[in-house]
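These notes concern the structure reproduced below.
The values are calculated or read from the model by the stated rules, or taken from the named source; none is laboratory data. Every value quoted in this text rests on a predicted model; they were computed, and no experiment measured them. FYI the Cβ positions are ideal-geometry reconstructions off the backbone, even for glycines, and counts take in every protein chain you see. Heads up: the accessible areas ignore ligands, DNA and RNA and are worked out on the full protein's heavy atoms, side chains in. Shrake-Rupley method; radii C 1.70, N 1.55, O 1.52, S 1.80 Å.
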Amino acid sequence: MAQDGPAELVLLAAVARRHYLHHRSKVEIADELGISRFKVARLLESARDRGLVRIEIVRQGSLDVDASARLQERFGLAHAVVVDTADADPGAVRQQLGKAAADLLSEVLVEDDVLGLPWSRNVHAMVGALTSLPRVEVVQLTGAIALPDFDSSAVDIVRRAARLGGGKARVFYAPFVLDTKASADALRRQPAVAEGLARASAVTKAVVGIGHWSAGGSTIHDLLDAAEQLDLASRGVVGELAGIFFDADGKPLRPKVAARLITIDAEALSGIPEVIAVASGRAKGAAVRAALEGRLVQGLVVDHELADSLLAD
């Protein structure tokens, strides 16, 4: 292919400058240069193909807007936020993602919404980073887990979020995981717990964490004994969110151990119009991808490592 001469190259540049820098329409450029608008369109395409024009979407602080837009488009998400975390420390990453999730929630939540929150380290970080919310009701979606490195429960998370907006907090006192099904059944029959879990049907937006089924990858996994961990893995469990187990296709599963959990069920989760998941790390790629494939979540706040894994497939 013959190389273009200077006149052709200058014409390409002239058309590109008018369109991209001076915001002229193709019709206006055609009139100014005495050529057809179809030729203008071909010249603009040629300018991009030859690298004469480069269109770049620039990061805004720690927010990678280009990766966020690609992730949103790839999986048909309502919202996607990719954070370029500056620190490899898990606690620092959790705080950065929590801040990004707090900013997103403050932006998209409106007064007609009902916010649902389960117990989760990432949800705890998000609520800790919130500075304001509209006046919304906040609903507890799971029981609480006591961990030595966390001094707040699901009740604390819900109450703090509700106080920020002056809305009502719907809480109940119950552990997330009980020793026996009988104990869990008895607790679910208590009016406060039954009414609290039933209120999930009113939730319009929820924020959750996603655990992948491995040691250290899921709080629920680490609370079970080795036999139960292996049993769930053999049944195809790859992850869980809010205590709802799912397989590699994102299909909710109900293994025997699920009867010991105080949480909403898969049907209640599917009734929430937008569930935003906060997760980080390449290791969670399979679990997050499965949750996306199964439409268990409709929004994501993730770090760049996890986003790269999801976009690479």
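Within segment 73-89, the residues that satisfy the criterion of being open to solvent by 50 Å² or more (accessible area, probe 1.4 Å) and touching a residue at least 60 places away in the same chain (Cβ under 8 Å) are ARG74, HIS79, ASP84.
Given the options SER62, SER106, name the one that is open to solvent by 40 Å² or more (accessible area, probe 1.4 Å), in contact with a strand residue (DSSP E or B) (Cβ under 9 Å, 6 or more places away or on another chain), among the polar types (S, T, N, Q) and free of Cβ contacts under 8 Å to residues at least 60 places away in the same chain. Talk me through it step by step, then tell me what you get.
Details: SER106 fails: in contact with a strand residue (DSSP E or B) (Cβ under 9 Å, 6 or more places away or on another chain).
Being open to solvent by 40 Å² or more (accessible area, probe 1.4 Å), in contact with a strand residue (DSSP E or B) (Cβ under 9 Å, 6 or more places away or on another chain), among the polar types (S, T, N, Q) and free of Cβ contacts under 8 Å to residues at least 60 places away in the same chain holds for just one of SER62, SER106, which is SER62.
Here HIS124 meets each of (1) touching a Pro at 6+ places or on another chain (Cβ under 7 Å); (2) under 25 Å from ILE220 (Cβ atoms) with one exception, condition (1). Please tell me if ALA192 is open to solvent by 40 Å² or more (accessible area, probe 1.4 Å), over 24 Å from LYS256 (Cα atoms), outside any loop (DSSP other than H, G, I, E, B) and without any contact (Cβ under 8 Å) to a residue 60 or more places away in the chain. Yes: the conditions hold for ALA192.
Can you find even one residue in segment 199-212 that is free of Cβ contacts under 8 Å to residues at least 12 places away in the same chain and more than 21 Å from the chain's Cα centre (by Cα)? Lay out the reasoning, then the answer.
Residues of segment 199-212 that are free of Cβ contacts under 8 Å to residues at least 12 places away in the same chain, as a first pass: none.
For segment 199-212, residues free of Cβ contacts under 8 Å to residues at least 12 places away in the same chain and more than 21 Å from the chain's Cα centre (by Cα): absent.
I'm trying to understand the selection: among the residues of segment 116-170, which are over 22 Å from ILE264 (Cα atoms), part of a helix (DSSP H, G or I) and in contact with a Gly (Cβ under 8 Å, 6 or more places away or on another chain)? Correct list: GLY128, ALA129.
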